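Contents: one structure, followed by commentary.
The values are calculated or read from the model by the stated rules, or taken from the named source; none is laboratory data. None of the values given here were measured: they were computed from a predicted structure. Note that we place each Cβ from the backbone using ideal geometry, even for glycine, and neighbour counts take in every protein chain shown. When the accessible area is computed, the model is the full protein with side chains, heavy atoms only, and any ligands, DNA or RNA have been set aside. Shrake-Rupley method; radii C 1.70, N 1.55, O 1.52, S 1.80 Å.
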Amino acid sequence: MAATAQPNSLRAGPDSDGHFGIFGGRYVAETLMPLILSVEQAYEAAKADPEFQRLIAYYHTHYIGRPSPLYFAERLTAHYGGAKLYFKRDELNHTGAHKINNVMGQALLARRMGKNRIIAETGAGQHGVATATACALFGMECEVFMGAEDVERQKPNVDRMRLLGAKVHPVTSGSGTLKDAMNEALRYWVSKAETHFYIIGTVAGPHPYPAMVRDFQAIIGHEVKQQMMAAEGRLPDTLVACIGGGSNAMGLFHPFLDDTQVELIGVEAAGLGLDSGKHAASLNGGRPGVLHGNRTYLLQDDDGQITEAHSISAGLDYPGIGPEHSWLYELGRVKYVGATDEEALRAFALCTRQEGIIPALEPAHALAHVGTFIGDRPKDQIVVMNLCGRGDKDMGAVMPKLEAMGLLS
Amino acid sequence: MPKAGVARIDARFQALRAEGRAALGIFISAGDPDVDTSLAILKGLPAAGADMIEFGMPFTDPMADGPAVQESSQRALKAGMTLAGVLEMVRAFRAGDQHTPLILMGYYNPIYSYGVDRFVDDALASGVDGLIVVDLPPEEDRELCLPALSKGLGFIRLATPTTDDVRLPAVLKNTAGFVYYVSITGITGTAEVPTDMVTRAVERLKRHTDLPICVGFGITTPDQAAGVARCSDGAIVGTAVVKTIKASLDAHGRATDATVSDTLGFVRALADGVRGARR
């Protein structure tokens, strides 16, 4: 027998069991297995169906407002005094973040499977709002599971979901955060297996979710490739994106994985600092484990108990990360770094003043890291950062902090 | 020399078959509400009428469990329970009981973190007979199921109402000890067990396997336990037991004088139900 050939593409994964190297997989209760398998089967059929792809393209253009602009951030480029900085403007999507790219795909898949009732988990509420939006658009029932603490912190998004017709379930079990919201959504799904479809919001969970969500988000990277060729006639030198579960980063990076000359940087939430124990940096501060249906890097104690993540950004406040990121981390294809709460707040203010764009706290982490290196890069280099969400949702959390830091006029 | 591992489970079901009755399996979370109380309950279970013990390995994120088992797991973690601590309790139990099968039940991450080979060896050495690891379906058998089976540890799989005839052979393939039929499509302890449906389900499973079929996830009273015992090889009760533990605690969640006696008293009532239900 011939030896198994080394994969010549980094974009071929996962294997048929949903593994990216040792990461990924299907670690779920037997009750969920038939469901997961039916989603996988339906997604494989849909992916190959031109009509399904045409529908996605239609809603991208006419509802979400794609392609989102690739914007040359001229003032920030001058401010840093180094390489050229471009923003991929996914905060201009309908509902204000990249989350809708994935939700639209999964909602269309659910409709194709004849499932009219949707479940979702949400942290900051962006995925919940996107899901409630698609459900309103398609006349579907929507139930969103959200940590009780986040329900309090993110009231505007809770109001938006309710206005859109979704039922929001505050989750008090466990620690009442995003991971518990996901536990609760999975528990609920088990009991409603016949009728409900679970729209997971990031590139995590059991196979096929990590691959499926990545595919739906890869529109970001595909557009960047085309737009950059049009604007500069070449590929960028560096791509930067923030990482919680990692869906916006995976969407940006994936089309570039085989373009090995392009440097890829993921920015985790370092919270109060990587040494503080209060962060959400699964790769930089965790180790491999199994949670929520997949093997990946997790924040956990010596006994394998999952520990709490901390970040000022509710969207990054998750103790795990998508399994494909864990794989790319160990391969070394993507470099993963951290930005602290305070660094993100400074970048938040800077972006607003320099470009007139209020970024979400999540991409503010990415910008904070951009600020650490772009000034040292030659002026003919190009950096693209994914501006994956807008910051209106964060005003309540940010204003008192910026005031205290003396960053307001 | 008494049997150990999957052989101890087989021997118990063989003996019960000779008696003409089904097994009563009792679930508790190791270390709930504290190590000493939990160990006293564990040691008292066989005399109270438990034929088999499902011993929960506490986990922060019990995805397939309802509120009652989640809370019992949290109480145990708060009291400092670890996987090594669970095995230590099993060792203490085994010193006084060589015949009652003990199955560890929980989730994969603490085991993965402990190290699979080391865990299988230590579990066997402590007197563990089988494993139920909720988030390891047959698709992930290479992780733990096959290493455990190769060393003589039972691996008990959950079959559910959603496990159809096409999928059943895969679910049963590497199962040893017994099959745990989950009587409701949901999480533990959230609905009553529908006995007529269970009868049909057990008959369906019997067409695919010679292993004993035990039924759980929804048995709360001695009558229900008796009903399930009449149509299966065993009734497993968990939620109602950990609720009894919870009800006995003081306002600060600490054990009281009633905790051990109330819990074992409830188990005795369940055992009377099961033993009265001869087939």
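For region A:157-214, how many residues are part of a strand (DSSP E or B) and over 19 Å from the mean Cα position of the chain (by Cα)?
Here is the first cut: in region A:157-214, the ones part of a strand (DSSP E or B) are A:167-171, A:196-198.
Add one more test, that the residue is over 19 Å from the mean Cα position of the chain (by Cα), and what stays is A:167-171, A:196-197.
Counting residues in region A:157-214 that are part of a strand (DSSP E or B) and over 19 Å from the mean Cα position of the chain (by Cα) gives 7.
Has region A:240-252 got at least one residue that is in contact with a Lys or Arg (Cβ under 8 Å, 6 or more places away or on another chain), surrounded by fewer than 24 Cβ atoms within 10 Å (Cβ to Cβ) and of a type outside the set (Val, Ile, Thr)?
no
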Restricting attention to region B:5-36, the residues that are of a type in the set (Val, Ile, Thr) and open to solvent by 20 Å² or more (accessible area, probe 1.4 Å) number exactly 2
Between a residue in region B:25-37 that is polar (S, T, N, Q) and any residue that is part of a helix (DSSP H, G or I) and crowded, with 24+ Cβ neighbours inside 10 Å, which pairs come within a Cβ distance under 6 Å, given they are 6 or more apart or on different chains? B:Ser29/B:Ser72; B:Ser29/B:Ser73; B:Ser29/B:Ala76; B:Thr37/B:Thr259
Of (1) part of a helix (DSSP H, G or I); (2) open to solvent by 10 Å² or more (accessible area, probe 1.4 Å); (3) within 11 Å of another protein chain (Cβ to nearest Cβ), B:Arg91 satisfies all except one. Which? (3)
Under 8 Å by Cβ, and 6 or more places apart or on different chains, what pairs join a residue from region A:162-188 that is within 13 Å of another protein chain (Cβ to nearest Cβ) and open to solvent by 30 Å² or more (accessible area, probe 1.4 Å) with one that is among the aliphatic types (A, V, I, L, M) and in a strand (DSSP E or B)? A:Glu184/A:Val171; A:Tyr188/A:Ile119
Restricting to region B:154-175, and then to whatever is among the charged types (D, E, K, R) and either assigned to a loop (DSSP other than H, G, I, E, B) or open to solvent by less than 50 Å² (accessible area, probe 1.4 Å) (or both), can you tell me which residue is farthest from the other protein chains (Cβ to nearest Cβ)? B:Asp165
Failed item in (1) away from chain B (no Cβ under 14 Å); (2) modelled with pLDDT of 95 or more; (3) not in a strand (DSSP E or B), with A:Gly277 passing the rest: (2)
Tell me, which residue of region A:190-227 that is open to solvent by 10 Å² or more (accessible area, probe 1.4 Å) and of a type in the set (Ser, Thr, Tyr) is farthest from B:Pro62 (Cα to Cα)? A:Thr195
Flagged pairs (Cβ under 6 angstrom, 6 or more apart or on separate chains; first in region A:259-274, touching a residue at least 60 places away in the same chain (Cβ under 8 Å); second assigned to a strand (DSSP E or B) and open to solvent by 50 Å² or more (accessible area, probe 1.4 Å)) are A:Ile265/A:Lys335
If A:Ser16 satisfies all but one of (1) open to solvent by less than 50 Å² (accessible area, probe 1.4 Å); (2) within 14 Å of chain B (Cβ to nearest Cβ); (3) not basic (Lys, Arg), what's the number of the condition it fails? (1)
Flagged in region B:114-130 as surrounded by 21 or more Cβ atoms within 10 Å (Cβ to Cβ) and more than 13 Å from B:Val86 (Cα to Cα), in numbering order, are B:Val120, B:Asp129, B:Gly130
